[in-house]
Amino acid sequence: MRRVMPDTIAVVDLAVCDRCGLCLPLCPPEAIHLELNNLTVDEATCTGCEKCIAPCPVGALAMVAYA
Amino acid sequence: MPDVDVLVVGAGPAGAVAAWQAKQAAPELDVVLLERDRAVGAPVRCAEGVGDAGLREFANPDGADWVSRRITDVILEAPDDTQVVLANSGVGWILDRTRFDAFLAAQAAAEGAAVLVGAEATAMARNGGDRWHVRVKQRGTEEVYRARVVIGADGVETMVGRWAGLDTRVPARDMESCAQYVLQGIDFNPDAIYLQFSTAIAPGGYAWIFPKGVGVANVGLGLVALKTDGRNAREYLDAWIARRFPAGARTGYTVGGVIVHTTIKKSYTDGVLIAGDAAHMINPLSGGGINNAMKAGRLAGCTAAAAIREGDTSERRLAAYHKAWMDLLGEDHLKYYRLKQGLEHMDDAFLNSLARSVNKVAPNKRTLGRVLTHAMIRHPQLIPVVARFFV
């Protein structure tokens, strides 16, 4: 359960993402899923911690304002 | 709704060996091996290097078509390109993983396991009974498999671990972000693997050249993102290759994560075992995981088979798997992890001076013990690091 609404959350650029799955175990609330060759970030679960951003080998993840 | 005894998710080295060994240990069991991708072994997300002794526990590499190259030398490189050549330092192999993984899956099939490609587990629940219900999508259709034991060999991104309620998360400092090209038409010693250590080239990891043949190699690097200057792994690799092999033709490309941590605290629960990369069963110093995965797969397959025969697939029974793994390699990985933490503080100037002093040991006398002793005499700051390894 998120206690504070984050200002920003992670989003993936699927045109850049290689589906390597590196970011999944880095996500503390386990908000990232890889299924049927599709990587998704669950915006209701993402806490905006940014732990997934820098480790992506191809820079496919970025933070955006949480609407 | 198919009923199976053992459902293995993921047909890499851990999963294929788990299915193979489970079926061999208990031929009467129904064993199914699932591979998400359309071909076992592809895409390759690996530098493909493996040690000889561990490999031979499972397969004979001599003349095998799944071998790319036999390796006899190791060349360590300092940040300033000073080379420390360890000639005849033991045999290793560079595999062709597309063929090797298929070979292992074929062993499972030969024992009677069913191998399904293009078959992805998408959800898993216990539903109160004594079997796991695993949803499997294949060619647009969906089936629910009911399994007594599920073996999660689904790699760094493991979903089986999550679904089973096991903690497979890892801190960012223990994740190596890796990028690799297959480079053709480059000049290097094809009997040697090259490892270059430098905070400028691959902070928190190393860059590698693993020969696939004469003039062709897996050229890549792994780094810890927390230690970088803001560039990602691919950008670091592009910079390294621009300097080392500007004329190399890039005929392949892959990226991925290597977890350089220690085994997950709990790799089992009622009716579930987690093996290989999914359980962080990787040598945290080298990042090597293939032999580890096969050994874990063998333990998982044999434990699952024995537990099903005994009619007890409870968490208590399956805990034997975790203990067997920790005794076999898990405890060693804890030591390697402490050593890794100690080595993290070496800067490039120190590594350059270390390489020079090690090179004063005659090449034919460069055993690991002598090199280590010499290094500690010349660089006493290494002593506490090495000491931590032995406590």
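Miscellaneous remarks
- Filter result for the condition that a residue is closer than 24 Å to B:VAL216 by Cβ, surrounded by fewer than 21 Cβ atoms within 10 Å (Cβ to Cβ) and under 15 Å from the mean Cα position of the chain (by Cα), over B:GLY63, B:GLY51: B:GLY51
- Filter result for B:ARG126 (in the same structural domain as B:GLY10 (by TED's automatic domain parsing), modelled with pLDDT of 95 or more and over 30 Å from B:ILE75 (Cβ atoms)): no
- Residue match in the stretch B:169-176 (condition: more than 26 Å from B:THR263 (Cβ to Cβ) and within 24 Å of the chain's Cα centre (by Cα)): no
Matching residues to (1) in contact (Cβ under 8 Å) with a residue 60 or more places away in the chain; (2) in a helix (DSSP H, G or I); (3) of a type outside the set (Phe, Trp, Tyr); (4) buried (at least 21 other Cβ atoms within 10 Å of the Cβ):
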residue: B:ALA300; (1), (2), (3), (4): yes, yes, yes, yes
residue: B:ALA306; (1), (2), (3), (4): yes, yes, yes, no
residue: B:ALA320; (1), (2), (3), (4): no, yes, yes, no
residue: B:ASP327; (1), (2), (3), (4): no, yes, yes, no
residue: B:ASP332; (1), (2), (3), (4): no, yes, yes, no
residue: B:TYR337; (1), (2), (3), (4): yes, yes, no, no
residue: B:GLN341; (1), (2), (3), (4): no, yes, yes, no
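- Qualifying residue in the stretch B:88-96 (condition: modelled with pLDDT of 95 or more and outside any strand (DSSP E or B)): yes
- Of the strands (runs of 3 or more DSSP E) lying entirely inside the stretch B:168-268, those carrying at least 1 residues that are touching a helix residue (DSSP H, G or I) at 6+ places or on another chain (Cβ under 9 Å) and within 30 Å of B:VAL150 (Cα to Cα) are B:175-184, B:249-259.
- Qualifying positions in the stretch B:116-160 - basic (Lys, Arg) and out of contact with any helix residue (DSSP H, G or I) (no Cβ under 7 Å at 6 or more places or on another chain): B:ARG126, B:ARG131, B:ARG135, B:LYS137, B:ARG139, B:ARG146
- Failed condition for A:VAL4, given (1) within 14 Å of chain B (Cβ to nearest Cβ); (2) over 30 Å from B:GLN138 (Cβ atoms): (1)
- Here A:THR47 fulfils each of the conditions (1) touching a Pro at 6+ places or on another chain (Cβ under 6 Å); (2) within 11 Å of another protein chain (Cβ to nearest Cβ) apart from (2).
- Some residue of the stretch B:231-254 being within 10 Å of chain A (Cβ to nearest Cβ), on the phi > 0 side of the Ramachandran plot and either buried (at least 20 other Cβ atoms within 10 Å of the Cβ) or free of Cβ contacts under 8 Å to residues at least 12 places away in the same chain (or both): no
- Taken over the stretch A:12-40, the residue count meeting the criterion of being in a loop (DSSP other than H, G, I, E, B), facing chain B (nearest Cβ under 8 Å) and without any contact (Cβ under 8 Å) to a residue 24 or more places away in the chain is 6.
- Unmet requirement for B:VAL84, which otherwise passes all of (1) at pLDDT 95 or above; (2) over 16 Å from B:ASP96 (Cβ atoms): (1)
The values are calculated or read from the model by the stated rules, or taken from the named source; none is laboratory data. Since the structure is predicted, the reported quantities are computational estimates derived from the model, not experimental observations. Don't worry about glycine lacking a Cβ; one is built from the backbone with ideal geometry, like all the others, and counts go over all protein chains shown.
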